[in-house]
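A short write-up of the structure that comes next.
The values are calculated or read from the model by the stated rules, or taken from the named source; none is laboratory data. A quick note: this is a predicted structure, and the numbers were derived from the prediction, not measured. For neighbour counting, all protein chains shown are included, and Cβ atoms are generated from backbone atoms with ideal geometry for every residue, glycine included. Quick note on the areas: whole protein, heavy atoms, side chains included, nothing else; ligands and nucleic acids left out. Shrake-Rupley method; radii C 1.70, N 1.55, O 1.52, S 1.80 Å.
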Amino acid sequence: MSPFNLETCARPNILALEPYRCARDDYKDDGTNILLDANENAFGPPVSNGAVDAPSGPSLNLSGLHRYPDPHQNSLKQLFCNLRTTHAHTERTLSPENLFVGVGSDEAIDALLRCFCVPGRDKILVCPPTYGMYSVSAQVNDVALVKVPLLPAPDFQVDVAGVRAALSGPDAAAIKLVYLCSPGNPTGSLLRKDDVRAVLEHPTWNGVVVVDEAYVDFATGPEASLAEWVVEWPNLVVMQTMSKGFGLAGIRLGAVFTSPPIARLLNALKAPYNISSLTSSIAEYALSEAGLAATRAIREKLIAQRERMLREMPRISGVGRLRGGTDSNFLLYEMLNAEGKPDNVTALAVYERLAETKGVVVRFRGKEHGCLGCLRITVGTEDEVTRFLAALERTLAEVRGIPPAADEENREAAASAVVA
Ligand SMILES: *Cc1c(COP(=O)(O)O)cnc(C)c1O
């Protein structure tokens, strides 16, 4: 018998890890479900053969695939700089030295932790309700969390006084990163620039402010993104991704804008060939004039469906208040019980029945801080929104009108029907 014992050999923080879960762990994509759970761009990518009319796509040079990809990606970085240099926040201009590109924002989140946090000693500050990957990645790195919740719905803005107090308190020396999400997930609220500034201007704290702008392209105005503002601060990081606004979650590309010294560290610690040639050629196409025009057209259609959901949702019996903002490609709504109160039993039942009996997958967020009874619904195509609204109306009527015992039986019957 080998003396090997996984329980004593592997790191305790890894053994205790709860992997990041998505709604698709509960409901597999069998090709018939409407997937409004993961905030992807339902309108498809801005390339040919996509689900939308688009100009011709990138030409992929497959014959070069026996060579390693470019480890520096300077031409791709320059295109990101061109896109985000708006002079809304500074007169200065971004350059590729301000950039790190990674395998989605997920690589950037992990790289920042490895760059700044000593395992078992340092901490990060997060503002719930927020994106789950910050805490998963922190735990992988054996880095503890300090939580300063956002101010209550519907604003979900940063509790600036709370954050500043935490950065002056007993944990201040251990806190290396503050993760802010703007527009927030699951809140959909753009954060105020002055609040970000107030954290950056903390007089004693020695750490980095990370603003995750995964959804910034769904917010209005060129000043929504703070990316170019990194040229004015030594310790500001702005993360973006091609997964949402650009409809390219499948290529896995994230970008970090920051000061050249921080960018140098991130580039030094990454795997040398982290971005594949296929990924960078599609990304460069998406950031070309033709790609940006196609992306803008897609975004307009998406925003029209967001407006439609904002009009239609309040007309459905059992839908409560919109929580949070409208700056993203998803909306956070309360589900009400028979007494008209936001309620997690109702919201969870609606989530399950929508998926199991109507083929519509959304995200249950009722257990997140300040999100009692809430579902987060990604904005879909016109047809998907039509089907979602009808399915939600019927599901709420079923859930709110049926006594719990009968509901349980129905649920079991429905679940076995799906399996069969
Ligand atoms: C979806 C999302 C991302 C994107 O992650 P990728 O790894 O780039 O796909 C980043 N941050 C937040 C808050 C998100 O919701």
Roughly what % antiparallel, to the nearest 5, for the DSSP beta bridges in the chain? 50 percent
With all protein chains present, how much of the accessible area of the chain (probe radius 1.4 Å) comes from carbon and sulfur, to the nearest whole percent? 54 percent
Using helices alone, what [θ] at 222 nm do you get for the chain, with -39,500 (n - 2.57) per DSSP H run of 4 or more residues, divided over all residues and rounded to the nearest 500? -11000 deg cm²/dmol
Most fluctuating residue given options CYS115, CYS374, CYS181, as computed from a GNM of the chain linking Cα atoms under 10 Å: CYS115
Ordered by packing density, taken as the mean number of other Cβ atoms within 10 Å over each peptide's residues, highest first, how do 350-356, 209-215, 256-262, 4-10 rank? 209-215, 350-356, 256-262, 4-10
If you count the DSSP beta bridges with both ends in region 69-287, what percent of them are antiparallel, to the nearest 5? 30 percent
Averaging sequence separations of C-alpha pairs under 8 Å and six or more residues apart, then dividing by the length of the chain, give the relative contact order as a whole percent. 21 percent
Quick one: work out Rg over Rh on the C-alpha atoms of region 293-419, Rh as Kirkwood radius. 0.99
Treating only the Cα positions of the chain as identical point scatterers, give the base-10 log of I(q)/I(0) from the Debye formula at each q in 0.07, 0.09, 0.12 Å⁻¹. -0.36, -0.60, -1.04
To the nearest 10 degrees, how steeply does helix 404-419 sit against the main Cα axis of the chain, on a 0 to 90 scale? 60 degrees
Go through region 197-208 residue by residue and turn each phi into a ³J(HN,Hα) via Karplus (6.51, -1.76, 1.60, θ = phi - 60°); whole Hz please, and just put x for glycine and proline. 4, 5, 6, 4, 8, 3, x, 10, 6, 9, x, 10
Could you do me a favour and compute the accessible area per residue for the chain, 1.4 Å probe, result in Å²? 44 Å²
So how tilted is helix 289-312 from the main axis of the chain? Cα-based, degrees 0 to 90, rounded to 10. 30 degrees
Using θ = phi - 60° and Karplus 6.51 cos²θ - 1.76 cosθ + 1.60, couplings along region 181-187 (whole Hz; Gly, Pro as x): 10, 9, x, x, 10, x, 8
If I model a spin label at LEU310 and HIS87 as a point 7 Å from the Cα along the Cα→Cβ vector, what separation in nanometres do I get? 3.0 nm
